[in-house]
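The values are calculated or read from the model by the stated rules, or taken from the named source; none is laboratory data. On a predicted model such as this, the values are computed, not experimentally measured, just so you know. Cβ: placed from backbone, ideal geometry, glycine included. Neighbour counts: every protein chain shown. Please note that ligands, DNA and RNA were not included when accessible areas were found on the heavy atoms of the full protein model with its side chains. Shrake-Rupley method; radii C 1.70, N 1.55, O 1.52, S 1.80 Å.
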Amino acid sequence: MRERKDSEPAIATGAPVGVVGAGTMGIGVAQCFAEAGYPVVVVDSDPAALGGGPARLRAGVRMAQLLRRRSSASAGAGAGAGTDSDSGTDSGRGAGAGGGTPASSSPSPEARVVWSEKLSDLAPAFFVVECAREKVPVKEEILRQLDQVCGPDTVFASCTSCIPITRLGSVTGRPDRVIGTHFMNPAPLKDAVEVIRAPRTSEQTVRRTVDLLAEIGKQALVIRDAPGFVTNRVLMLTLNEAATVLGEGTADAETVDRIFQDCFGHPMGPLRTADLIGLDTVLDSLDVLREFTGDERFRPCALLARHVAEGSVGRKSGRGFYQYPEQRQRPEHHLVSRGGASHG
């Protein structure tokens, strides 16, 4: 664990990281911190989301460990047998999200996570990551409540995909301790986080956030505040235009994606990327970008809007631009969890 700077407030021993939202991104973020040895409290107002949260967390941990073992085995094939950084002992905080399997004497990542319907249970948290739906009123109300519940030194990190951090910080009494942490999906397997610093975000908050992300194995890429930041200011236009050419019949979905993969070297085409994010989240993000930029290029195309209206929102619903029968599940319609997924 990093050494605390004299100018920084002390963090109480055992203080948890808070996560608001038990959707795709909220559970992924919770997994990142739990795997690194932090106690985590996940809050969601929907009992169904909380009820399914532990199983989805367990599945995420198993999948991440499997992929890391495969990666380590491949990387270590020529470096000698028996060296596997992902099977090392978890010594608690600072183990890193890439640290992998904890020792048998340490609590499992799942055991480090507490589930709650009450925001008041985040009172002891020193750092709270908000992963609610990409709707301005929803996020603003959560931050207002957190401002009343949490201690004055607690940092609020929004996992918003597009909403300016200046806007979100303005509804709290601590805009200097509000920052953007745009995790990518799936959060446990992504190495970088887009960190957004608003004009009133303090240097201390930026330092605490960057250091904390480093402890869980993430590289912080710090940028200035703007609608959509870097990632989604560019990506959402691409996804929307890909859906437009599909809707116009220029090419089928497979061909659109193959062009991006085979011609540009992208690991995944824009339509499969949109399905992974969640078409409802893409739609919400486009609406936010259009609102805050006034740019009509961000108006969602007709095909995208129709898919969302029909409930065909991508992988999580079993159908989007492609079909995913093996992954079909109830779409996340509750206010807190829905739209938590960010792009991969």
Report summary line: The residue that is modelled with the highest pLDDT, considering only those in the stretch 23-37 that are more than 13 Å from residue 189 (Cα to Cα) and touching a Cys at 6+ places or on another chain (Cβ under 8 Å), is 26
Query raised in the report: Would the stretch 223-236 turn up any residue that is in a loop (DSSP other than H, G, I, E, B), open to solvent by less than 40 Å² (accessible area, probe 1.4 Å) and closer than 22 Å to residue 35 by Cα?
Result: no
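Of the residues that make up the stretch 247-263, is at least one small (Gly, Ala, Ser) and either under 24 Å from residue 229 (Cα atoms) or at pLDDT below 95 (or both)?
Checked against the condition, which is being small (Gly, Ala, Ser) and either under 24 Å from residue 229 (Cα atoms) or at pLDDT below 95 (or both), the stretch 247-263 yields no hits at all.
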**Report entry** Those residues of the stretch 36-68 which are closer than 26 Å to residue 120 by Cβ and assigned to a helix (DSSP H, G or I), in sequence order
**Finding:** 47, 48, 49, 50, 51, 52, 53, 54, 55, 56, 57
Query raised in the report: Is it the case that some residue within the stretch 327-336 is in contact with a Cys (Cβ under 9 Å, 6 or more places away or on another chain) and either at pLDDT 95 or above or closer than 21 Å to residue 29 by Cα (or both)?
Result: yes
Report task. Kindly indicate whether any position in the stretch 190-197 is over 16 Å from the mean Cα position of the chain (by Cα) and closer than 17 Å to residue 127 by Cα. Result -> yes
Query raised in the report: Quick one: is residue 116 among the hydroxyl-bearing types (Ser, Thr, Tyr), touching a residue at least 60 places away in the same chain (Cβ under 8 Å) and open to solvent by less than 30 Å² (accessible area, probe 1.4 Å)?
Result: yes
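Per-residue answers, yes or no, for (1) of a type in the set (Phe, Trp, Tyr); (2) under 26 Å from residue 131 (Cβ atoms); (3) in contact with a Pro (Cβ under 9 Å, 6 or more places away or on another chain):
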site: 261; (1), (2), (3): no, no, yes
site: 279; (1), (2), (3): no, yes, no
site: 293; (1), (2), (3): no, yes, yes
site: 296; (1), (2), (3): no, no, no
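Which ones in the stretch 57-72 are within 18 Å of the chain's Cα centre (by Cα) and open to solvent by 60 Å² or more (accessible area, probe 1.4 Å)?
Across the stretch 57-72, the qualifying residues are 58, 63.
I'd like the full set of residues that are more than 14 Å from residue 308 (Cβ to Cβ), assigned to a helix (DSSP H, G or I) and in contact with an Asp or Glu (Cβ under 8 Å, 6 or more places away or on another chain), limited to the stretch 243-284.
Once the filter is applied, which keeps residues that are more than 14 Å from residue 308 (Cβ to Cβ), assigned to a helix (DSSP H, G or I) and in contact with an Asp or Glu (Cβ under 8 Å, 6 or more places away or on another chain), the stretch 243-284 yields 246, 270, 271, 272.
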Report summary line: Residues in the stretch 299-312 that are surrounded by fewer than 23 Cβ atoms within 10 Å (Cβ to Cβ), in a helix (DSSP H, G or I) and touching a helix residue (DSSP H, G or I) at 6+ places or on another chain (Cβ under 8 Å) total 4
Query raised in the report: Does at least one position in the stretch 172-186 carry a residue that is touching a His at 6+ places or on another chain (Cβ under 7 Å) and under 26 Å from residue 281 (Cβ atoms)?
Result: yes
Requested in this report: Output yes when any residue across the stretch 204-211 is touching a residue at least 24 places away in the same chain (Cβ under 8 Å), in contact with a Gly (Cβ under 9 Å, 6 or more places away or on another chain) and open to solvent by 60 Å² or more (accessible area, probe 1.4 Å), and no when none is.
Outcome: no
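So, residue 292, is that one open to solvent by 50 Å² or more (accessible area, probe 1.4 Å), at negative phi and of a type in the set (A, V, I, L, M, F, W, C) or not?
So residue 292 passes the test.
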Query raised in the report: Of all the residues that make up the stretch 166-216, how many are within 30 Å of residue 61 (Cβ to Cβ), out of contact with any Lys or Arg (no Cβ under 8 Å at 6 or more places or on another chain) and polar (S, T, N, Q)?
Result: 3
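Can you pull out the strands (runs of 3 or more DSSP E) entirely within the stretch 129-199 that have at least 3 residues that are surrounded by fewer than 24 Cβ atoms within 10 Å (Cβ to Cβ)?
192-197
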